[in-house]
Structure formats: C-alpha cells, structure tokens
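Note sheet for the following structure.
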Amino acid sequence: MGTSAKEKKEENKENEKDDYEKDNKESKNSSSDENSEKKEDKNSSKSGSKESKSSKDSKDSKDKNSSNSGSSKEKKEKSSKRKSSDSSKEDKKEEEKEEKKSQKSSDSSNSVEVEKKDKKSKKSKKETEKKVEYKDVLPHEIPEERKICVPNKLPFNYDCCQTIEKAHSKEITTLAYILRRNAIATGSVDEMIKLWIINTDKKKMSLDKELKGHKDSILCIKDFPKLNCFCSASSDCTLKLWNCTSLKCVNTLNFHTQCALSCCYNPKGNYEIFSGGQDSVIVVWGANKPKDLQSYESKFVLKGHKKLISSLAFADDYDYLISSSDDKTIRIWDMKISDNIRCIKIIEDLSSPVDYMVYLDNRLMAACEDGVISFIKMNKLKRSRSVKFSDSPVYCFTLFQKHKYMLLGNKDGKARVWKIGSNRRLVLKGHTQAVTGVTDFEEDFIVTSSIDCSIKLWKKD
C-alpha cells in the first residue's frame, strides 16, 4: 500500500512535469509565433521604410537630376553663348585679317602695276640704250635710287653774277683757262677764239682779244703752260699753236684727214704734243729743238681704235698716253721708248663711249655719254669703280678746290658741282642748251660756256 501511494505520487509528479513542460512548450511556441510575427512586421515595416526611402531618394535624385539638368542646360546655353561670342570675335578678327590681306594685296598689286608702268616708261625712253653694269662700286657713291647721286646740299653755293648772252655769234664748243695769261679762252663754230679777262673786284668779264686763223669750227682748246702756248683743234683738220705772250699763231700742225677733235701734251721730257681725230688715228708731234714751237712736226701715227678719237690725256708720272674712242674702249700707250710706242692695255668694259677724260695723281677719270664716270687706277691698269652721276651726258669737267670737288657740264644745260666720294652736289641752272665748257677761276669763281652762245660767271657765296 505504501508503494502504491508513492508510485501514485510519483506519477502525479511526472504528470505535473509533463503538463508543465507542455505549457512551457506552448508558451514558447506562442512567443516564437509572436516573435516571428513581430519579425515579419518589423521586416515589412523595414521594407516599407526602405521603399519609402527609395522613393524619396528617387524623387530627390529626380529633383536633383532635374535641377542638375536645368543647371547643365543653363551652363550649356552660357557656354554656347560664350562660344558663339568667341566665334563671332574670331570671325571678326579673321574678317579684319582678310581685309588687311586684301588691302595689302591690292596695295602690292597697285605698287607692282606702278613699278611695271615705271619700268615700261623707262624702257620706252631707253630702248636703244644698253644696260649699264657697275663693277667695284662704293656704296656711298652709288645710292639705291637708280644709282644716281642724290642732290644733298653743299656747305656753299654759287650765284651767277654776270651773263654775256652773245659771247660768240655761233655755238660755243670749248672753253679753257690759260695760265700764262690768267684769262679764259673760248672757241666757237664761228671759227674764232676769244680771250676774256675777269675782274674779281667788280665780278665782271671783259673781252681781251679775238684770234682768227682757223677756217672751220674750233672743237678743242688746251693750255700747254710748260711750252708757253695753248693749242686749238679744228674741223679744218689742223691744230694751231698760239704763243701766250704775243698771242700769235706760231705753228700750224697739219696731218689729219678729217676733223681734229682733241689734243694734249707731255709736260716732261721731250714735250711731245698728241692729237686725235675723226680719222681714228693719234698723231705724235715732236720738236727738233726742245720747246721750239716752230719746229714741231709729225713723228709717229698710232692706230688701233676703230672709231673717232674723242679725248686724250697724259699720265706724266708713268709716261702713258691715254686715248678714248667712240668704239667704247680706252687704250693706254707706253711712251717710255719713243721708237717703240705700243699699246699695253685696252679697257673694253665701258657702258658707253667716253666724251672727256682728266688724269690726276694715279687716277684717270672718264666721263661717258650715259652719265657714268669711271675711275681707272694707272698702277693696276684697270677700272676701280664707276659712278652713275646723272642721266644727262657729261660733255666736260674739271677738278678744283684742292681736287676735292668736280665741276661738270651736262647736255641738259646745267653745270654741277660734286664733292668726290659723297652724294653731295650743287646744280647751277641758267644755260638753255648743253654746257660745253667749265673751269674754275682763282678760288671763288666759276666760268661756264654753252651752245646757246653765252658764257656765265659764277661767284661763290
């Protein structure tokens, strides 16, 4: 009995445990269900919040995108405006550049047309003339402007103080200063030689003497002071020697078959006289007695030039005779051995025939018909340089004022004073036709003669 009661108690305890365990399980299950529901609710709430957040974010992003798109559109519009303004500025600049280029091209085309016209006019003026080549030219002597001396002012001027309109009845062809008479000699087509005396105080010229003897035009007069005479060459094919003291013709030299055009002499040694003519020959005249004017006669004839002899000069420090011709050559003759005179040099690269020559201190100056003056050094026997002095031919020239200045007479009726080695020159206007003779007198006076039959006296300021 005791055991059954114990057993019953134990069973009851076990049943209670089982019931208690069941209740706990149920409560746990319910709590788990609640928790799962809560979790589901939480998850659903979380998902809803996420969805709301995502919707908000999407809205915000849309708003942002829309705002960004608006701002980007505005930026794009601004940038496009800037670009358009920049492009318009660039277009304006390009248009301005194109206009400038077109203006430059038009200016250049106009200048080219003007240059072409100038060239055509120059060519039309000089169709028959050949091109001039300038060799060994000093830059200060040949300027860029057509290589003609630019007329800059000299530190002095010359004014015409007297004009003798009818100094000769016909054209005056030559003029020379006669040292032993201190007078000016002029020769003319009227077959006369006239001597003029200058009164420097009164600034006037007056006629001293008229010399007659030639039967045709007087073409050249040269002074031979060492022989106390002056020589005249004429179209009558003769040369005459005039005594400076008596003013009488002491000898007539007759050999040329055509006009006697030029003459010169040797101031040393045997005092030979040289003459050149239209017959293209040079005659050497010698005296049987030194300085005996009456005994001069022809000794030698020099041939070689193909045309008339235009000018003669003598280089006394080398014993060279220099001749120029219309054949555009200059010949240099060695006169050291009188029995064996020979041509040692022919200068052929001249631009045009030589009209006049002057020799001084190892330098020959030759004026050509085209206005070019060539300088030739005797120690080298070649041309050193050339100067395009003017477009007008130079008919005569001389050196004065310690050989620093050159006085030239031109075909255009003007005389010019040029400072050698510079671009400075002075133009003396007054004659109406070609200037055929120029010379200086003492220090302050210049005398010029012309084909217009007049002579002019010029005074330095």
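The values are calculated or read from the model by the stated rules, or taken from the named source; none is laboratory data. Since the structure is predicted, the reported quantities are computational estimates derived from the model, not experimental observations. Please note: Cβ atoms are built from the backbone with ideal geometry, for glycine as well, and neighbour counts cover all protein chains shown.
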Among VAL394, VAL447, which is the only one that is among the β-branched types (Val, Ile, Thr), in the same structural domain as ILE346 (by TED's automatic domain parsing) and farther than 30 Å from GLU348 by Cα?
VAL447
From the list LYS204, LYS226, LYS170, LYS166, which one is within 23 Å of SER275 (Cβ to Cβ) and in the same structural domain as ASP452 (by TED's automatic domain parsing)?
LYS226
Need a quick list: strands (runs of 3 or more DSSP E) entirely within the stretch 194-302 having at least 1 residues that are within 30 Å of CYS160 (Cα to Cα).
204-212, 218-224, 229-234, 260-265
Count of the stretch 312-344 residues which are closer than 20 Å to CYS368 by Cβ, outside any strand (DSSP E or B) and among the charged types (D, E, K, R)
3
Name the pairs whose Cβ atoms lie under 9 Å apart, with the first residue in the stretch 289-304 and free of Cβ contacts under 8 Å to residues at least 12 places away in the same chain, the second surrounded by fewer than 15 Cβ atoms within 10 Å (Cβ to Cβ) and in a helix (DSSP H, G or I), and 6 or more positions between them or separate chains?
LYS289/SER295
Residue ID - surrounded by the most Cβ atoms within 10 Å (Cβ to Cβ), chosen from residues in the stretch 419-441 that are closer than 16 Å to PHE400 by Cα and modelled with pLDDT under 90:
ARG425
Which number in (1) surrounded by fewer than 20 Cβ atoms within 10 Å (Cβ to Cβ); (2) touching a residue at least 24 places away in the same chain (Cβ under 8 Å) marks the one condition that LEU312 misses?
(1)
Working only within the stretch 343-394, note down all residues that are aromatic (Phe, Trp, Tyr) and surrounded by fewer than 22 Cβ atoms within 10 Å (Cβ to Cβ).
TYR359, PHE375
